[in-house]
Amino acid sequence: MEPMKATSVNSRAEELFVQLFCEAFGPEKSENLQVQYPCVDIYGRHRYIDFALESPESKIAIEIDGETYHNPSKVSENKYADDLLKQNSLIYDNWKVYRWIYSQLEKQPEKVKDELITSLGTSPMFKAFEADLPVQMGQTIELRDYQQEATENLQKMREDGKTIALLYHATGVGKTITAATDAKAVGGRTLFLVNALKLASQAKETFAKVWPEATLGEYTGSQKDMSQTVIFATVQSISKDLEKFSSTDFDYLIVDECHHAAANTYQKIFTYFHPKFILGLTATPERSDGEDMLELFQNVAHKMDLKTAVERGILVPIRCVRVKTNIDLTDVRINGKKTVIFCASMDSSGRVELHLHPGFIIRARYSSVLLGIAFLPSSSW
């Protein structure tokens, strides 16, 4: 994995630290600030440093700890010991290690900047990292703290005799990586169910990175792989061909977008196969038909909803802009539902229009910008 520049931050915690770093030393100093810098602990395991710097005299590691996942009173003994192992390994390898908690960045920014200046100097000199890391084959993925916690919970559930669980993680938090890691730990053959072809390809790419030793195949409308370690199947395709498989072909069944799992096609698959463990993945456990996901999946292995993910700095805050108009969309319907396509420009709206039936388009403009194209249902369409 190539180290990332400070401009490539992907969480609120990282974004906030870079902001404070630039305020303390100037934006030009952030050019040598590396995000998620790869390292190796004393046992040869691949790790990542939140932020890394190198001066002419030393290597500097900066870790930003979340209260929930690093506070010794809130994490498991194994997790706390693992945090200490990582820090001790860095010190053994001659890194200077500095740690702050996320709440400090948020609530005490001036104090953090003072401590940065005290630790690194008022005008520190940094240089580009030398390429002294061992060559790595493929891509190593280190789990984030909450993903590690989720896999530990899943393992404990299996030890307690549980055979089914739900992973409730917001979009962008990394459900598939967690599921792939757990499937690899369990071993055996895995069936990964999706409700759309593109989701099969995306999941397959993730599994290839997490579990490179496994053979991967797809069971879709155009591809009928059956012998690989992990099969990524669309629900529509495999539900029609269940008799081609043995009921005991798979040890692990993963259900992506499992809020759809109450549908008959899913139930048909669940009834046919007898895996040792079933894991449901969802970002939206609430179903419009009122079905309770806990009735189906019984146990929540881990929860990281959108609000929590934003608060923890895992996802960036949501920024919404509302434009007030006098456009009335009350009567806009298709299949009984309002349907509006919002376009960024007149040009893009023109391209969209080419794919719509011209007789059922209502143009909605605000000033000179086209906000949307709404189309109505018709029995003759």
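When peptides 191-197, 43-49 are ranked by their average number of other Cβ atoms within 10 Å per residue, the highest-first order is 191-197, 43-49.
Mean sequence separation of contacting Cα pairs (under 8 Å, at least six apart), scaled by the length of the stretch 162-255, corresponds to a relative contact order of 34 percent. Compared with the direct C-alpha span, the chain from E31 to A262 gains 78.1 nm at full extension, assuming 0.36 nm per residue.
Applying 1/(1 + (r/R0)^6) with R0 = 45 Å to the Cβ-Cβ distance of Q228 and E57 gives a FRET efficiency near 0.30. Of all lysines in the structure, those lying under 17 Å Cα to Cα from K29, and not within fewer than 8 positions of it along the same chain, are K5, K59, K113, K127.
Would you mind getting me the FRET efficiency between T248 and K303? Use the beta-carbon distance for r and R0 = 35 Å, nearest 0.05. After rounding, the FRET efficiency stands at 0.65.
Taking 7 Å steps out from each Cα toward its Cβ at V316 and F270 produces label points 3.8 nm apart. The stretch between A185 and S76, if pulled fully straight at 0.36 nm per residue, gains 37.3 nm over its current Cα-Cα span. At full extension, K156 and E110 could sit 12.3 nm farther apart than now, given 0.36 nm per residue minus the alpha carbon distance.
Only the coordinates and a few stated rules stand behind these numbers; no lab work does. This one's a predicted model, so the numbers in the text were calculated from it and none came from an experiment. In this analysis, Cβ positions are derived from the backbone assuming ideal geometry, glycine residues included, and neighbour counts consider all displayed protein chains.
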